[in-house]
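To start, the structure itself, in structure tokens.
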Amino acid sequence: MPSVTYIEASGTKHTVNVESGTSLMRGALNNGVPGIDGDCGGQAACATCHVYVDPAWLAKTGRAEDEREKTMLEFSNAVQDNSRLACQITMTDALDGIVLRMPEGQF
Amino acid sequence: MNHVATPAPAADPYSIPLDKIDVSNPALFQLDLAGAYFKRLRKEDPVHYCAESAYGPYWSVTKYADIMHVDTNHQLFSADHAVVLDDVQIQGGPDGQGVGIESFISMDPPRHDEQRKIVTPAVAPANLLRLQKSIRERTIRVVDELPLNEEFDWVDRVSIELTTQMLATLVDFPFEERRKLSKWSDFTSGTPGDGVVSSWEEKNKVLFECGERFTQLYNERKKLPPQPDLISMLAHSPVTESMSPMQFLTNVLLLIVGGNDTTRNTMSGGVLALHRFPKEWEKLKANPALVESLVPETIRWQTPVNYLGRRALCDTELGGKKIRKGDKVAMWYISGNRDEEAIERPDELIVDRKFPRQHLSFGFGVHRCVGNRLAEMQLRILWEEILKRPFKRIEVLAEPKRIYSNVLRGISHMPVKIHA
């Protein structure tokens, strides 16, 4: 199973396996990774799975393009160029080893 | 004494023909009967049309997924002057001259976005860290002073006290005047005949006083360098300049109600829920780390905002029903949070629920509650402090008194005894 490294704002790393086809939000929740809440259940209807995609992986995940995702990120906190909602990124073999950083708080 | 409607609505929703059901009757909430009505609607007619009510015809959306659909499609369902069913309240009284609802909760993008963004930094994670210490100190003081083994009113001593203190801090309001904030909050959400507000004239008089006080504070803060309090943020934003005095006042009132009633009622509701589900209290006592899931679970269980309204911007379909352009739609969060298809054993408070954060109490989409993290932080600190103390249990001594409102699920009095 491909792996994902989630890094908390404090620097604590969590490397976990996430099945292909699962969203990176669900991957964090299923593995008990703190720092991602996923309140809306994966519909880009809140912004509580906000992550920063490591620049080295950005070409593979792409940036936020969907209107709904962009709007919710706009209301979020500390948004950067590489901000995404983790629920809108689906795990694939091509993303094996991806690194995501979390903001200091979900909002 | 709160207003009680006469005649009281029927306790059994099955004694009324389906098409005559009107869940907008505030008495249903004051008497805590609404739950059975929504259960019937979810089962038999989840997108329900009520042709006649005190607020005119409206649709009720009662299932979790349908509410999510309405809330997240602001292009189809507008919030503009439609957040409550009562047009008179939105206009500020029958003559339209009073304090209505002109704040960003009652707007669509892009105007909504501009105004919301002014206040967002005050309740974003960085500012919450700054507030955390003082909220904890005040919570400790309030909890330490609670009487043990004797009756007192939890609402007044804990819920109102803590939320008004926090709100005074957030807007940097003179601390000794803080109980004015809860009065203004009650008058903002109140309507004549609810036992709090006697007439539109009285309501508007009280709210204009609030407006004067905040205009004063606004002018003072404008002359000072920017501070991280809400009034300073409003005073230093160019967007505020373009607001009418009424928009300024109603945005202030929105922040007061948002920061006050909702958290207050969840503080009371949490105690009630743990009284009713004593095994859950035992679980918490044994493992205080469960506060993390207790907090969102109490927010779901209480659902401090029963519903918010929308108006259809075009003809559309929902749950097999044809909703026409201009129709009023109520998203009943209180019902969606009890939807068996979305939440397991939804009537129960379960402190170690698997995904407790997935509830509708904060809404979703562009209008999602801006203060949700602040609310959770206050609740978390309160429960952490309660659990540090040798309280054997908090007993609710009588049925709580509920407010006469269909919008806010409020508890006005709740006698309790802390067994220690």
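The values are calculated or read from the model by the stated rules, or taken from the named source; none is laboratory data. Quick caveat: nothing in here was measured; it's all calculated off a predicted structure. Neighbour counts are summed over all protein chains in view; Cβ atoms, including those assigned to glycine, are modelled from backbone coordinates with ideal geometry. Only protein heavy atoms, including side chains, enter the accessible area calculation; ligands, DNA and RNA are left aside. Shrake-Rupley method; radii C 1.70, N 1.55, O 1.52, S 1.80 Å.
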Exercise. Which semi-axes, in whole Å and largest first, does the equivalent ellipsoid of segment B:204-353 have when worked out from the alpha carbon gyration tensor as the square roots of 5 times its eigenvalues?
Worked result: 37, 27, 13
Exercise. At q = 0.06, 0.08, 0.10 Å⁻¹, what is the log10 ratio I(q)/I(0) for the protein assembly as shown, with the Debye formula run over Cα points and no solvent?
Worked result: -0.28, -0.51, -0.82
Seminar exercise, completed: Partner shielding of A:35-45, taken as the mean number of other chain Cβ atoms within 10 Å, equals 5
Exercise. What Rg and what Dmax come out for chain A when only alpha-carbon atoms are used, in angstroms?
Worked result: 12.1, 34
Seminar exercise, completed: In Å, the C-alpha Rg and Dmax of segment B:8-133 are 18.3, 54
Problem set entry | D_trans [Stokes-Einstein, Kirkwood Rh over alpha-carbon pairs] for segment A:51-107, 20 °C, 1.002 mPa s, µm² s⁻¹ | 183 µm²/s
For this session: Take chain A, connect every pair of alpha-carbon atoms lying under 10 Å apart with a spring to form a Gaussian network, then pick out the residue of A:Glu74, A:Glu65, A:Glu19 with the largest mean-square fluctuation.
Result: A:Glu65
Seminar exercise, completed: Taking the reciprocal of mean 1/r across every pair of different Cα atoms in chain B, the Kirkwood radius in Å is 22.0 Å
For this session: Starting from the Cα of A:Thr90, move 7 Å in the Cα-to-Cβ direction to define the label point; list residues of segment A:38-77 whose amide nitrogen is under 17 Å from there.
Result: A:42-44, A:60-67, A:69
For this session: List the relative contact order of chain B as a percent without decimals, with contacts defined as Cα pairs under 8 Å and 6+ residues apart.
Result: 25 percent
Exercise. If you take the accessible area of A alone, add that of B alone, and subtract the area of the pair, what total do you get in Å², probe 1.4 Å, to the nearest 100?
Worked result: 1900 Å²
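Could you work out the equivalent-ellipsoid semi-axes for segment B:211-271, taking the square root of 5 times each eigenvalue of the Cα gyration tensor, largest first, in whole Å?
26, 13, 9
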Problem set entry | Calculated SAXS-style log₁₀ I(q)/I(0) at q = 0.29 Å⁻¹ - segment B:270-334, Debye, Cα scatterers | -1.19
Exercise. If you build a Gaussian network model of chain A, linking Cα atoms that sit under 10 Å apart, which residue out of A:Asp37, A:Asp66, A:Asp96 swings the most?
Worked result: A:Asp66
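Going from the alpha-carbon gyration tensor of segment B:62-213, what semi-axes, largest first and in whole Å, does one get by taking the root of 5 times each eigenvalue?
30, 23, 17
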Seminar exercise, completed: In cubic angstrom per residue, the convex hull of segment B:270-415 built on its Cα atoms measures 127 Å³
For this session: Quick one: P(r) of segment B:95-184 from all Cα-Cα pairs, 5 Å bins, percents rounded to integers, in order of increasing distance.
Result: 3, 10, 15, 17, 18, 15, 10, 6, 4, 2, 0
Problem set entry | Spin-label proximity, A:Thr15 to segment A:77-107 - amide N less than 14 Å from point 7 Å beyond Cα toward beta carbon | A:96-100
Exercise. Quick one: what Rg and Dmax do you get for segment B:327-392 from the alpha carbons, in Å?
Worked result: 15.1, 54
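With runs of 4+ DSSP H residues as the only contributors, calculate the mean residue ellipticity of chain B at 222 nm using -39,500 (n - 2.57) per run, divided by the residue total and rounded to the nearest 500.
-13500 deg cm²/dmol
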Problem set entry | Rounded to the nearest 20 debye, dipole of the protein assembly as shown from Cβ charges on Lys, Arg, Asp, Glu | 720 debye
Exercise. Where q = 0.15, 0.16, 0.31, 0.34 Å⁻¹, what log10 of I(q)/I(0) comes from the Debye formula for segment B:202-246, counting one point per Cα?
Worked result: -0.40, -0.45, -1.11, -1.20
Exercise. Anyone know which of B:Leu224, B:Leu290, B:Leu360 comes out most mobile in the 10 Å Cα GNM of chain B?
Worked result: B:Leu224
